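Below is one structure, written out as structure tokens, with a few remarks after it.
The values are calculated or read from the model by the stated rules, or taken from the named source; none is laboratory data. From a predicted model like this one, the values you see are computed outputs, not experimental measurements. Glycine also receives a Cβ, built like all others from the backbone with ideal geometry; neighbour counts cover every protein chain displayed. Surface areas here come from the heavy atoms of the whole protein model, side chains and all, with no ligands, DNA or RNA. Shrake-Rupley method; radii C 1.70, N 1.55, O 1.52, S 1.80 Å.
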Amino acid sequence: MTSEAPIIRGMGHSVKRKEDPRFLRGKGHYIDDFKLPGMLYMDIVRSPYAHARIVNIDASKALALPGVLAVITGKDLDAAGLAWMPTLMSDKQMVLPVDRVVYQSQEVAAVIATERYIAADAITLVEVEYEPLPPVMDPHKATDPDAPLVRPDRDAKTNHIWHWEAGDAARTDEVFQNAEVVVKQDLYIPRIHVCSIETCGCIASYDKIDGKLTVYMTTQAPHAIRTVFSLVSGIPEHKIRIISPDIGGGFGGKVPVYPGYVIATVASLQTGLPVKWIEDRSENLQADSFARDYHISAELAAKKDGTMQALRVKTLADHGAFDAAANPSKFPAGLFSIITGSYDLQAAHVEVDGVYTNKPSGGVAYRCSFRVTEAVHTIERLVDTLALALSLDPADVRMKNFIPPEAFPYKSPTGWEYDSGNYPAALQKAMAKIDYAGLRREQAEKRARGELMGIGISTFTEIVGAGPSHTFDILGIKMFDSCEIRVHPTGSAIVRIGVQTQGQGHETTFAQIVAEELGLPVENITVEHGDTDTAPYGLGTYASRSTPTAGAATAVAARKIRDKAKKIAGHLLEVSPDDLEWQDHKFQVKGAPGRSVTMKDIAFAAYTNFPQDVEAGLEAVDYYDPPNLTFPFGAYICVVDIDRGTGMVKIRRFVAVDDCGNIINPMIVDGQIHGGLTMGMAPALLEAITYDEYGNIQQSNLMDYLLPTAMETPVWETDKTVTPSPHHPLGAKGVGESATVGAPPAIANAVVDALSHLGVTHLDIPITPWKVYQILEAHGAAEA
Amino acid sequence: MIPEDFTYFAPGSLPEVWDLLRQHPDDAKILAGGQSLIPLMKFRLATPAYLIDLRKVPGLDTLAERDGALVIGAMVREAATEHSQLIQRRYPGIHEASAVVADPLVRNFATIGGNIAHADPANDHPAMLLALRASVVAHGPNGQRTIPLDDFLVDTMETSLAPDEVLTEIHVPQPAPRSGSTYLKLERKVGDYAIAAVGVQITLDGDVCTQAGIGLTNVGPKAVRATQAEMFLTGKQPTEDVIREAARLAAAAAQPVSDLHGPEDYKRAMIRTLTARALREATQRARAGGVSA
Ligand SMILES: Cc1cc2nc3c(=O)[nH]c(=O)nc-3n(C[C@H](O)[C@H](O)[C@H](O)COP(=O)(O)OP(=O)(O)OC[C@H]3O[C@@H](n4cnc5c(N)ncnc54)[C@H](O)[C@@H]3O)c2cc1C
């Protein structure tokens, strides 16, 4: 018996995305595409005030409008014990307020109507009487003795939420005391919004006959939601089904449970009819959880020769009115303690204090793997600040301080064990590709002519793949992930995973993993996820965790199948399985390459001709508990030109060398990097959410909140190095967030570099043209 | 994002439009491309009970030179002016203004007529057309009248159009030989309204400027004509010093307010930068022979 090696297109192939034909033809199925029989529509009355007492809600006019079935208020929910819900961070959050609103655009009441348009008309007829209260807008004043209390419901009568720290304070102080040089920098990483193309929404559908609740929901974590819904509502978990269909971008913003989901569910429970709720763009931008909003004060101790020694960081975290971030439970500040970055320091100490303000919830992990963006921005800016203070080249300072390749696995001063890395190789590659030396010469010439050009570097280390069960859980549920594979008799397969794609390409990359491991052509493998009735339990997709967790589970499950397949192969080839080897994606008899069977042959035999001591069928499940996180990294170099007449910053070149270990699909990785770089450029140059002193949001639509388009996006030049993860079954690391994390400081560093001869040492992001212009004017460097 | 209830009409003639305007004097609105009006309605900032769409009214789509003027019909879309050979060749300022209005999707619908009639100081065409000394034709049941754009634009979202009048045409005087026009817009991203923008036309005789037009976008309650700067340039050679002084005068004419598009000082400075650059470019174009026939 002999078989041709099949064409697999497994690991390392740029397989075109299986999901794209339906997306490109407009045949995706997003929540708003679903229409269920008898479906009702919900719209939400929102608060114009950031802080106010609710005196009265009069719904009579709304209820009088034909087609309006109900107006739900906090009092109604309170009677059912549902006016509040738990957040993922051990806080609680209002579903609908009973007596007070705590941020502008907060949900105040919900209208249920037979038509979407009637619901929209009815919300304008709900009369709410407010008594405005002074809001807390400045987090620095939140803990003043006379600050108004944002959350009087709590036992602790303070706006301080928690204090968190990592590292060794005493050891750090000691290094600082003896340091030759200390540089200090305050940084504000502004509040931004994920702004997915698809806003949030759901259809809650309760079947009163069989008592089953089905919720179609824009969620990145369907299983966790099912468990939370069961615990909060008391509905048994097998009677709840969460379906997360095609998702138009999540980026962390679709991890939390929003009040709208719960209210729609209550409405469906009451009416026994499906209730649809879809946010509009302004609601999404004003009320859904925000990201970043860290006020950071950082110091770096070093020797005069540029050797970095210790880092000391104090941070004020503006969490808005509820701590509704979606971090692992033990990490209120996420993985911010990765802040020592790619550098070998003797000591570090990091503190974060969370406070409440009258703003929507903050702290959503927007493509940042839990606060890594803030950490990377801080350390990468500080390295440049040090280089500038010592008149050293920022590339040299980095090379001097990198954790050496031979030091891995490396234990960081804040307690992480970096799995693998080769930082000098990545930076060298980036410098060669962009001709760093040539650029520095060009810059010197231009400076002599009065032209402004800057070069910025960011050599970041990411931390992704939460995570090992000894440390990582969400509400007690450990952060493993899962895969279930069934190989059909004719040699095709279905793969179900516990993670949930929102554009990452799981249907393609997970099929490639199985293709590689089982020797089945990628086109014969279907990947499903997002339906809690069929997919194995998992914690979902965020924080670049899919490949490190569920990707590993998929490889392990496939290997379990291969082990069984080997026995069947022995049976078919009439040899002992021990005499077989897996070569060229098939089993062949050792020393007799002519005798082999493919997985396709074996799959058929698994149902038609299996040995006595082997069960029929060919399937496996794996729940993978990763031994460690993975630590992707990269070296980015950005070149900017500044218009002296306008202060406009133009990115002329951007070279991104990324290392995410072994690559499953290079095209998809490239796509992730391109998108991530654009999303990293956005807060560096364009995006920020701000509020006035009364608590009014100032960017409540896409005219004012500046999302970049293809026109603002430079040509990204990507490249890679490959340093496999030693503990991941495929040697892979996550990559989805590397670029968002690594790009902003490269851009900020480039702008500061362009202006450094004018005495500029720092600029907070977003770097607006008027910030730059004011500097130029002040130094007589503006175009006359 | 869902407008209030409204009734939609698409009449087939101007008299029918006038009738509808007369029947609903307080709560009817004319609809052109809808790219300003529909968003306002979706936010419920505008709540007209009746929409009168001009799309079926004949004769509003002229785009041609006639009797010494370029005639732009009220329903000519931005995309049409952006891609018109005539406009690109002879009215580069209009071409450049059209090309920076919003994005291609919006430009496929939006009209220049609506862009002016909306009287939003952030819109790009009013300033360019001020520089070109354009006028508009208002057509009502009692006949038509020609209104210089300076008089047409009254205040923010306010024009001198009577309640039963329709803007039917825009007239732009044909540029004299050795004229050059340009529109320069400073925006943080494509599709954004201007931080500031400047439209300029320069006409030269020999090397002396015989006529100058300068209009400013988004730095006042309506599009601003930089009269002092225009007067200063007229009769002078547009040397670098003259251009700088004119730019300074234009900046002085601006009345910006601080907002998300930038602080007041910055916007004023940008008018100076943009005016200087636009004057250099327009002079260059005029010297290069200006517009060809
Ligand atoms: C995303 C976006 C970005 C934009 N960016 C820009 C930009 O950068 N620069 C810019 O200049 N504009 C911008 N606009 C506005 C756009 O160009 C508008 O379309 C234009 O200003 C109005 O033209 P319209 O044909 O759409 O008018 P409509 O929206 O149909 O009408 C606007 C107003 O004018 C009145 N009106 C229209 N036609 C007539 C007429 N013939 N007689 C009497 N009254 C009339 C209407 O009653 C209404 O009050 C943007 C719009 C969008 C949606």
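At-a-glance table
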{"quantity": "Simple Cβ-charge dipole of the protein assembly as shown, Lys/Arg +1 and Asp/Glu -1, about Cα centre, in debye nearest 20", "calculated": "1580"}
{"quantity": "Selected from B:PHE109, B:PHE43, B:PHE152 as most flexible by GNM, with chain B as the system and alpha-carbon contacts under 10 Å", "calculated": "B:PHE43"}
{"quantity": "10 Å Cβ neighbours from other chains, averaged over peptide B:258-267", "calculated": "4"}
{"quantity": "Number of partner chain Cβ atoms within 10 Å, mean per residue of A:704-717", "calculated": "2"}
{"quantity": "Chain B - accessible surface per residue (Å², probe 1.4 Å)", "calculated": "40"}
{"quantity": "Exercise: per-residue mean of other protein chain Cβ atoms within 10 Å, B:191-198", "calculated": "3"}
{"quantity": "Ranking by accessible area, most exposed first, for B:LEU184, B:LEU60 with a 1.4 Å probe", "calculated": "B:LEU184, B:LEU60"}
{"quantity": "Centre separation in Å (Cα based) which lies between the range B:136-174 and the range A:609-671", "calculated": "58"}
{"quantity": "Most to least packed among B:215-223, A:176-184, A:348-356, A:693-701 [average Cβ atoms within 10 Å]", "calculated": "B:215-223, A:348-356, A:693-701, A:176-184"}
{"quantity": "Residue pairs, from the table A:LYS141/A:LYS314; B:LYS29/B:LYS222; A:LYS18/A:LYS254; A:LYS239/A:LYS733; A:LYS304/A:LYS720, whose Cα atoms sit over 28 Å apart", "calculated": "A:LYS239/A:LYS733; A:LYS304/A:LYS720"}
{"quantity": "Surface accessible to a 1.4 Å probe, A:ARG440 within the full protein complex, Å²", "calculated": "50"}
{"quantity": "Kirkwood estimate for the range B:110-252, i.e. one over the average of 1/r between Cα atoms, Å", "calculated": "15.7"}
{"quantity": "Reachable aspartates and glutamates from A:LYS590, criterion Cα separation under 14 angstrom, eight or more residues apart if same chain", "calculated": "A:GLU574, A:ASP578, A:ASP579, A:GLU581"}
{"quantity": "Angstrom value of the Kirkwood radius, inverse mean 1/r, which spans all Cα pairs in chain A", "calculated": "27.7"}
{"quantity": "Mean-position separation - Cα centroids, the range A:483-539 and the range A:734-751, in angstrom", "calculated": "31"}
{"quantity": "Highest to lowest packing among A:313-322, A:129-138, scored as the average C-beta count within 10 Å", "calculated": "A:313-322, A:129-138"}
{"quantity": "Relative packing of A:386-392, A:706-712, A:361-367, which averages over residues the other C-beta atoms within 10 Å, highest first", "calculated": "A:361-367, A:386-392, A:706-712"}
{"quantity": "Gain upon complete extension [A:TYR188, A:GLN698; 0.36 nm per residue less C-alpha separation]", "calculated": "181.8 nm"}
{"quantity": "Inverse of mean 1/r across different Cα pairs in the range B:7-53, Kirkwood, Å", "calculated": "10.9"}
{"quantity": "Dipole axis of the protein assembly as shown (+1 Lys, Arg; -1 Asp, Glu on Cβ), positive-most option in A:VAL741, A:ILE197, A:ALA444", "calculated": "A:ALA444"}
{"quantity": "FRET efficiency, B:ARG287 to B:ARG55 (Cβ-Cβ, R0 56 Å, nearest 0.05)", "calculated": "0.85"}
{"quantity": "Formal net charge of residues neighbouring A:GLU180 (Cβ-Cβ distance under 15 Å; K, R +1; D, E -1)", "calculated": "+1"}
{"quantity": "Cα-based Rg of the range A:384-468 normalised by 2.2 N^0.38 Å, two decimals", "calculated": "1.37"}
{"quantity": "Around A:ARG447: net Lys/Arg minus Asp/Glu count, Cβ-Cβ under 14 Å", "calculated": "0"}
{"quantity": "Solvent-accessible area lost in complex, 10 Å² minimum, residues of the range B:38-69 relative to chain alone, 1.4 Å", "calculated": "B:PHE43, B:ARG44"}
{"quantity": "Axial C-alpha extent at least 27 Å, average Kyte-Doolittle at least -0.5 - helices from chain B (DSSP)", "calculated": "none"}
{"quantity": "Calculated log₁₀ intensity ratio I(q)/I(0) where the Debye formula runs over C-alpha points of the range B:226-281, q = 0.29 Å⁻¹", "calculated": "-1.10"}
{"quantity": "Per-residue [θ]222 nm for chain A (sum of -39500 (n - 2.57) over DSSP H runs n ≥ 4, rounded to 500)", "calculated": "-8000 deg cm²/dmol"}
{"quantity": "Kyte-Doolittle mean at least 1.0, axial Cα span of 24 Å or more - DSSP H helices of chain A", "calculated": "A:738-755"}
